[in-house]
Amino acid sequence: MTPMKWFYSFLKPYRWRICLGLLLSTVLVAAGLAGPYISKIIVDNVIKDGNYDLLLPMIALLVGLVVIKGVCRVASQVLYETSSQAVLYKMRDTVYRKLLQEDFAFYNKNRTGELMGRQTGDMDAIRHFVAYVIYTIYENVLYFVLALVLIFWYNVPLALGMLLVLPLAALTTWSQAKKVKPAFQECRDAFSSLNSFVQENISGNRVVKAFAKEEYEMEKFAVENDRYRNAEFGAAAIWKKYVPVFEFFSYLLNILLMLVGGVMVVYGQMTMGDLVAVNGYLWMLTTPLRMAGWWVNDVQRFTTSVEKIYGTYIAEPDVKKPLNPVARKHLQGDVAFRHVSYRADDEEILQDISFEVKKGQTVGIIGTTGSGKTTVMNLLCRFFDTTEGEVLVDGINVRDMDLYDLRDNIGIAMQDVFLFSDTIEGNIAYGKPDCSFEKVKAAAKMADANLFIKNLPDGYDTIVGERGVGLSGGQKQRISLARALLKEPAILVLDDTTSAVDMETESYIQKQLENINHTCTTFIIAYRISSIMKADQILVFDQGKIIERGTHQELVAMGGYYATVYHHQFPDIELE
């Protein structure tokens, strides 16, 4: 499917509205064409011949035409505007739903600001095309063609003289269209880049201030801003070169009418009324010539925007839903990795990972930074697909499972905590929005978050996130943990969840987790030995491989990497 066919699929349900609008535009054009003819009758029959009985009927007819044009204009614009908003609503909804289906790899490759630009600036260019450009071009082309026909009807030599201008105007329009498209492509790219830069700096404003890099970021913003300005100036330079040409053609037509038409009236080859009528039709020729450059710009903005949005829409996720998924509303929690390897961008992230976990067991995962700990959990949740091997949950390959069922049975407290601009209650209940407040509070107590939440200005109704009250890293982690616990998942993944809390809080949370360990399988990724030492089995990762595995006592007895870390974190305890 081409971008234009994709766009038409959204316009198609409203094509009858557009057609009715174009029909009203046709009536409006016809009423406009009748005006100069009535002026001719007034000049030739009333003013020249003195037939004053025609004056009032002609004036009444002109007033009637004005009323008809006004009604048609209002009705047609309502049809165009409602159609454009309906198209925009459906298209934005469709693209947003597709964005939600994309995987992690897609968002790693596309900047947030660029995606926002597709949903805002590019969408608005499409709305403008449907609401304004379509009927404007249609009406003016209709005016131009019919006015030229009527001028031929009044006086062929005069019309032929005007017709000589048209090939030059058409050639100029084609030349402008050819040059302006890449210019608008650069404008949209520069706009997306500027949008991304601003979004990143607003999101990372704390880092900017912490490092006192305001001036540095201002300089970088100036570069992006200059690029966008220069792109717009580049596009403007193109139509700035062509618009005077169109203006010249329109004035040339006026000169031809005054000179040639005036001479013909003097020699009796046409009446004064004919000249007045042709002069009335002349603006119907000159306006399209003047505006042709602007319409080319609007059309090119529209096509560029459709192509960019469509390019985003057709991006296929690497993680695809199975054609015949295995449905499991409730999972037991048995997990197995069998010879799993994962490669990204020609880099080996995981190599031949194998382990098994029974329902209700707790697995601790520790290792050096970048050793693949989080990647293992991403493969379990099927945020990525394995390059080799298979990941099984309850004996079923996750590639064959319904993605919603799989992820709905997994509770995750991620390494990078994200809270929505919502109440604390809303953030905790995100996975179960219909649950009772008592369950939200119980989850908060398990995460040791209830006390500090109650001390906030509005308690659980306190707004957090971008526009809300600021929370410490430890408080955010505990809200994230409460959000995961509230789901009562079959599999619980805690990715460095207690790194920002004190040891006393961590100890409390661990005791709470022990109470639920028999009901769900728990994976704890941590750098602190204290977070995982009570786990049923501990996996030690290094450079994408499991280099050690066993219980805390077994790993300490091995005297390897785990024992070394344990000695560094607990120097007062002698190794056995």
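The values are calculated or read from the model by the stated rules, or taken from the named source; none is laboratory data. Worth saying up front: this structure is predicted, and the values here are computed from it rather than measured. In this analysis, Cβ positions are derived from the backbone assuming ideal geometry, glycine residues included, and neighbour counts consider all displayed protein chains. For the accessible areas, the whole protein counts, side chains as well, though only heavy atoms, and no ligand, DNA or RNA atoms are used. Shrake-Rupley method; radii C 1.70, N 1.55, O 1.52, S 1.80 Å.
Overview of values
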item: Dipole of the chain, positive direction: furthest Cα of F418, V278, H567, with charges on the beta-carbon; result: V278
item: Heavy-atom accessible area order for C435, C187, largest first, 1.4 Å probe; result: C435, C187
item: Extension gain (nm, one decimal) between Y138 and L451, 0.36 nm per residue minus Cα-Cα; result: 106.0 nm
item: Gain on full stretching of the segment that runs from M116 to Y430 - 0.36 nm per residue minus C-alpha separation; result: 110.7 nm
item: H128-L61 FRET efficiency (beta carbon distance; Förster radius 30 Å; 0.05 resolution); result: 0.25
item: Under the Karplus curve 6.51 cos²θ - 1.76 cosθ + 1.60, θ = phi - 60°, whole-Hz ³J(HN,Hα) for the stretch 474-480, x wherever Gly or Pro sits; result: x, 5, 4, 4, 6, 5, 4
item: Difference of contour (0.36 nm per residue) and Cα-Cα distance, D536 to E347; result: 64.9 nm
item: The chain: relative contact order as a whole-number percent, Cα under 8 Å and 6+ apart; result: 14 percent
item: Listed residues I202, I18, N455: farthest to the positive end of the dipole of the chain (Cβ charges); result: I18
item: Rounded Å value of the spacing that divides the Cα centres of the stretch 314-331 and the stretch 255-291; result: 69 Å
item: Translational diffusion coefficient (Stokes-Einstein; Kirkwood radius from C-alpha pairs) of the chain at 25 °C, 0.890 mPa s, in µm²/s; result: 82 µm²/s
item: Accessible surface of the chain, 1.4 Å probe, proportion on carbon and sulfur as whole %; result: 59 percent
item: Under 22 Å from K445, Cα to Cα: lysines that are on another chain or at least 8 residues apart; result: K432, K454, K476, K487, K511, K534
item: DSSP-loop trypsin sites (Lys or Arg not before Pro) across the stretch 257-360, with at most 14 other Cβ within 10 angstrom; result: K320, K329, K358
item: Restricting the stretch 367-474 to trypsin sites (Lys or Arg not before Pro) in coil, as DSSP defines it, with at most 15 other Cβ within 10 Å; result: R467
item: Area of L61 that stays accessible when all protein chains are in place (1.4 Å probe, Å², to 10); result: 80 Å²
item: Rough spin-label spacing in nm, given labels placed 7 Å along Cα→Cβ, for V198 and M4; result: 3.2 nm
item: The stretch 9-108, Rg to Rh (Cα coordinates; Rh as Kirkwood inverse mean 1/r); result: 1.39
item: For the chain, accessible area per residue (1.4 Å probe, heavy atoms of protein chains only), Å²; result: 51 Å²
